[in-house]
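Worksheet: one structure, shown below.
The values are calculated or read from the model by the stated rules, or taken from the named source; none is laboratory data. Everything quoted here is computed from the prediction, not taken from an experiment. All Cβ positions, glycine included, derive from the backbone under ideal geometry; neighbour counts span all protein chains shown. All accessible areas refer to the heavy atoms of the entire protein, side chains included, with ligands and DNA or RNA removed. Shrake-Rupley method; radii C 1.70, N 1.55, O 1.52, S 1.80 Å.
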Amino acid sequence: MSGIFTYKLMEKWPAKKHLFLSLFLLFNGLSTKLLCQSDTYFALPPLYEWQAGDHDIHLYVSTSAPSANVWIYNSDTSYSQTLTVSSNAVGVVTFTTPVAGLSSTYGARELTWTNQKRSKDALFVESSSPVTVTERIVEPYNQEIITAKGRNALGTEFYVASQTLINTTVTGNYTGFHGMHYISVVAIEDSTEVLFEASGTNLFDNGQDTVAFTLNAGESWVSTMEDNDVLLGTRVTSTKPIAVTAGGNHLLNASAVHADAGIDQVTPIEHLGTKHVVLRGMANYPNDYFMYIAIADSTTITVDGVTILTNGNAGSKGTYSMVGNSSAPGKPFVIESTKPIYIFQVTTGTTNNAPEQGMAQIPHVDCTGSNSIRYNRASGLATSVLVTIPTAAVSLLNYNGAALSTFAGITVQASTYDPTWSGVYISPNTLSNNFTLDCIIPFHVGVLAGSGSSTGLYGYISGFDDDLKLLDPVYAQPVDDIPLGALCATPIPLTFGFLTCVDSITVISSTLLTGTGVIVDTNNRDTLLHAIIDPTYTGPVKVKVVVQDDRGDVDSIYYDFDYFGSDYEPILLDSASVCSTQPLVLEIENAGPGLSYLWSNGDTTESTTAYDPGWLWVTVDLGDCQFTDSIYLVSGSLFEPPYRDTAYCDSLFVDFSDPILNTLYWTTLDTTSTELWLDSTAVYPYVATDVSGCVSEDSLSFRLIPEPYIDEGFGCPNYTLTAVGYTAFIAMELGDVTYSSPQIDTLFPFAGSHNLTLIALDSCNNLDTITRVLEVDCLDNMLMYVPTAFSPNGDGVNDTYCISSSLPTRTTYAIFDRWGNELFSGRADECWDPISLGQEVFTSTLSMRTFTRLPSNELHMDEFTIHVLL
């Protein structure tokens, strides 16, 4: 969101009463969604049928909310239907089959049942979110649109109208199709007394100028006029709120055989105003006209500045035909009055000599209108739209999401009397089957439809609501509750928008219903308050604000949010147990919309599942502040390992047997044995399952402690031989010499191999004798002993011939007779035993050669003479 601004519509609406719309709009083009004709409750009196047949009624339901659950039922709920409508479509419910006992569809009244109480034929609509509801009479003839006014239709005083230029009884071939001027009402409460009072010399079909009756909740009543008598100026009063629908059906004019007329639901007198803008439709003069009714004495009315009623009394009425071109609809006529009045317009969506028309009540423009409209074309009819809008807002008006200038077939006419008002006409060739209109400045919409000389209709589908309405400060929709999500900073601003017919409002009360803190309102004439919440409090907060405008209308609004104080802990537990087969689900305390989460295991939801012991933590981000908490998870296994990290100086026997243990599996050893010998340093992982089925993974780290050994110090040829890795030193031997000190300094003058022995106690207090050979290989000299004679005569003395070399593994020798035959060859540490080899040796002289591979890799050779003595 790139920015927010406050928008007031005062200069845009040139009227004695001003629309004061204080609201927040988004720069990114989000339009407000003020459908003032929308509501969550509607009462629809029955529509009186005509003599040519039953009424087929289509009920259209639309919403600006993402979705709305709608319940439609009749007076005694013998009919009940639910549907869900969304913001991108119009829902349709049809009533086409007469119901047994009614002789009509639900929502209609059969001809013979006038001046009677009925308890089944009225319709009611309830919705979970605000919706717009219209009725369409669908007939080959006499089609019409009736706009349901919601709670704005409920009242105790009304004036009604029906056509005045098309009003006579049908004659000739159509004698049976009498023109019916009628009033239909439905009561909301029991014991509601109702009175109809005809105007002038007009009479009801009971022959009287009044009709009086009493209704209980849900009961309806229809009265018709005498033939050729009209309703204009008829007064309807009641002791309790009722809904009223009135008009005429199948009427005749002097220049045609027959023509239909118009019907609409009527608002009570408290929703009237002093300025109206009427757009001329498509009827030929004089049949494009409006009717007016004064509701108070001393009322003066002008049209485009020309007076048509001077100091009229309550009930004064009249008809005004609008001049103009029927082929160029949309011309504005500005009607101004000194006191509130009714205006009913009669027009059509077809141009022909036999008017086929409709009628609609026109709302005043002082502080009414809609910001968004979705509707359908009248199927089978040429359908067009008239839009009444401030001239300055024409460029802001979008049709099907795009500016008007991008479409052909759309014309704009500004009033020549008051150029601040314009009429927009969208032709049938341009109007789509399902269409939308939206603008940040309220506007009004009338729907025209017709088909040659068959039928014509007119319905006004935008807002009549002029009460004080408190609005969501972002979306500018009338709301009862503003959810603020999750908050942690204080003070917290509480703002609202409002729609009213007067300039100012007063906050008359503000109450903290839930939570700990105070509400501060430094200026009760503006739309800003602050909630100061105790920073040590964490939990839900609910605030109620009551507002009154300068006309006395009152509305209230609630603010709901979850407050997170400084003591807030996302995780209540400090520790818990867990195992892989019995995981633990951890949930954030006071989780809700507007919060984001990051667990140490990577989860980003308000809960996570833990499988393994160890630390787990989470960060809860509210935007303005963050909270981090942690929990330590211990193993939930009943099995307690008997060994952990272990070091031993020899192989170790381990026994994991335990009655708590069900199974044990060593993963690297691939065995399930509970008894093992460990003889090498390693980490031995295992999986243990206890008797309750809890699986835990652990490991045994075993280190084999080295046996004592002799360190060579700096090395060849000057060795510092040191015994290490023992718990008790006993002796060290170098060759044939024994030393009692654990350290020997020695210098070897020649290359050779020397036996080293260490006798000591190891770390397990075992007596160890460690023997090794010290190779002195850094010198290129050696020491060698070569005997010159031996006597292999079998006497056990000097029978074998052996040499000695300081490099025994690097020295070999070979003995030859005097003819050069080899008698023996071997290493220096091997002896020649002729007797054991079965060789017969005589007294003689033998030759011998020695071969030594010195440390420098040089081969050294010597020759010697050996004497054999027997």
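What the table shows:
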| quantity | calculated |
| --- | --- |
| Computed magnitude of the charge dipole of region 475-565 (debye, nearest 20; Cβ of K, R +1, Cβ of D, E -1) | 200 |
| Using distinct alpha-carbon pairs, which all enter the 1/r mean, Kirkwood radius of region 528-572 in Å | 12.8 |
| 10 Å-binned pair-distance histogram of region 743-870 (Cα, whole percent) | 11, 34, 25, 19, 8, 2, 0 |
| Antiparallel bridge percentage (DSSP; both residues within the chain; nearest 5) | 95 |
| With DNA, RNA and ligands ignored, accessible area of Leu165 (1.4 Å probe; Å², nearest 10) | 60 |
| For Gly636, distant residues with modelled amide H under 5 Å away | Val578, Cys579 |
| Potential extension, Thr307-Asp480 segment - 0.36 nm per residue separation minus Cα distance | 58.0 nm |
| Listed residues Arg280, Arg118 arranged by accessible area, highest first, probe 1.4 Å | Arg118, Arg280 |
| Pairwise FRET efficiency - Trp617 versus Val724, Cβ, R0 = 51 Å, nearest 0.05 | 0.65 |
| Modelled FRET efficiency - R0 35 Å, Val92 with Ser395, Cβ distances, 0.05 increments | 0.60 |
| Two-site FRET efficiency, Asn284 against Tyr417, from Cβ-Cβ distance with R₀ of 22 Å, rounded to 0.05 | 0.45 |
| Sequence of Met282, Met359 from largest to smallest accessible area, 1.4 Å probe | Met282, Met359 |
| ³J(HN,Hα), Karplus 6.51/-1.76/1.60, whole Hz, each residue of region 325-337, x for Gly, Pro | 8, 5, 8, 10, x, x, 6, x, 10, 9, 10, 10, 9 |
| Inverse mean reciprocal Cα-Cα distance (Kirkwood Rh) of the chain, Å | 36.4 |
| Dimensionless Rg/Rh of region 402-519 - Kirkwood Rh, Rg from C-alpha atoms | 1.12 |
| Integer Hz, Karplus 6.51/-1.76/1.60 couplings in order for region 204-221, x for Gly and Pro | 7, 5, 8, x, 10, 8, 9, 9, 10, 6, 10, 10, 9, 4, x, 7, 10, 8 |
| Probe 1.4 Å, protein heavy atoms only - accessible area per residue of region 548-656 in square angstrom | 52 |
| Average Cα contact separation per residue, the chain, under 8 Å, 6 or more apart, as relative contact order % | 8 |
| Long-range amide H partners of Ile705 with built H, under 5 Å | Tyr648, Cys649, Asp650 |
| Residue-level accessible surface for Met291, protein heavy atoms, 1.4 Å, Å² | 0 |
| For region 753-783 and region 330-383, distance of Cα centres in Å | 117 |
| Percentage of interatomic Cα-Cα distances in region 501-625 larger than 22 Å | 53 |
| Contour excess over end-to-end distance, with Cα ends at Ser701 and Leu598 and 0.36 nm allotted per residue | 33.7 nm |
| Inter-site label distance for Asp227 and Asp550 at 7 Å from Cα along Cβ, in nm | 5.6 |
| Residue-level accessible surface for Lys542, protein heavy atoms, 1.4 Å, Å² | 60 |
| Asp736 paired with Cys625, simple spin-label distance in nm, labels 7 Å along Cα-to-beta-carbon | 9.0 |
| Lys542-Thr237 pseudo-label distance in nm [points 7 Å out on the Cα-to-Cβ vector] | 4.1 |
| Heavy-atom accessible surface of the chain: percent carbon and sulfur, 1.4 Å | 50 |
| Isotropic mean projected area of the C-alpha convex hull, region 97-155 (nm²) | 5.8 |
| Top positive-direction residue, dipole computed over the chain with Cβ charges, set Ala723, Gly107, Val236 | Val236 |
| Residues of region 291-330: accessible area per residue with a 1.4 Å probe, Å² | 40 |
